[in-house]
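I have placed the structure first, in the form of structure tokens, so that the comments after it can refer back to it.
The values are calculated or read from the model by the stated rules, or taken from the named source; none is laboratory data. Owing to the predicted nature of the structure, the values given are computational and were not obtained by experimental measurement. In this analysis, Cβ positions are derived from the backbone assuming ideal geometry, glycine residues included, and neighbour counts consider all displayed protein chains. The protein model used for the area step is the full one, side chains on, heavy atoms only, and it has no ligands, DNA or RNA in it. Shrake-Rupley method; radii C 1.70, N 1.55, O 1.52, S 1.80 Å.
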Amino acid sequence: MDTSVLSALFAVLTALANAVGTVLQRVAARTVPRGDAFSPRLVRYLVHHRAWLAGIAVIVAAAVLQALALAFGPLSLVQPILVLELPLALVIAQLFTRTPAPAGGWRACILTTAGLALLLGAAAPAEGGREVSAAAWSAALLAVGLGSAACTAIALTRPRGAARAALFGTASALAYALTATLMNAAIDTLEDSGVLALAAAWQTYGCVAAGACALFLLANAMESGPLIASQPALTLGEAAASLALGIFLNGDQLRAGWWFAPQAAGAAMVIWGVLLLSRLGPPRSAESPT
């Protein structure tokens, strides 16, 4: 089997696992006391909740699947596929709340999936394999850190609700994109130099730290408002930031020339589908903030 096909398959499985984990975390976050938001008490509360622990276990499995996807394909192929997490999470959330899918929900899911297939088929992402300089890493870390911090700071000024959830979702998306980028670098180190080099690489520990920050920000997004508000920001933000980081750091390449037209059409379909999905969602009684 072609390595790009294997990479895409593991990426789809990653999206499914992330969707399940996100819904489980949302189930737990809805019960968090209001005074525990964005504090160590939030983590202390959640670690005693079985749904949240189950969600963490699923997300750890998703990280393993993502590492396998990145081992077989470039960051610019794997991360856009994770946009599928959005329709999958919303469908799974509907099942959890035992409510029927809203009108137009399946149409929006099909539109998003078809747009993603068109975008990736036209772009045909290829791994650049460029050696990343210390200056490039510094610029990427600074940009992602400032972006995530800015979203977090603005979120903390907003009351609980859709805007706060979307801002925390965006902050988490940037942290997850950095986690995937560092994971990709760590995997390259493992393949090139072995386990000892992996243990000595700063990217390995940076991946763990960025992942922990992403999880904390995601927990706050889940606590702040409905899944339908945070999930589009999380999935689209992670895909866009990962694609940008793959091109900037690794020199990943997309097909140029007339291929830009179907790429743009596919991207427009994805954005349209996500916007439609963001206007749907479960009834207010099932997803209102607690």
What residue among SER76, SER224, ALA114 has its Cα farthest toward the positive end of the dipole of the chain, where the charges are +1 on Lys, Arg and -1 on Asp, Glu, each on the Cβ?
SER224
Springs between alpha-carbon pairs under 10 angstrom, Gaussian network model over the chain: which of ALA212, ALA199, ALA126 fluctuates most?
ALA199
Could you check which residue among LEU245, LEU86, LEU227 shows the biggest mean-square fluctuation in a GNM of the chain with a 10 Å Cα cutoff?
LEU245
Span-rule helices in the chain, defined as complete DSSP H runs reaching 20 Å or more along the axis (Cα) with Kyte mean at least 0.0:
3-29, 50-72, 105-123, 134-156, 162-193, 202-224, 227-245, 260-278
What number comes out for accessible area per residue over segment 1-142 if the probe is 1.4 Å? Units Å², please.
46 Å²
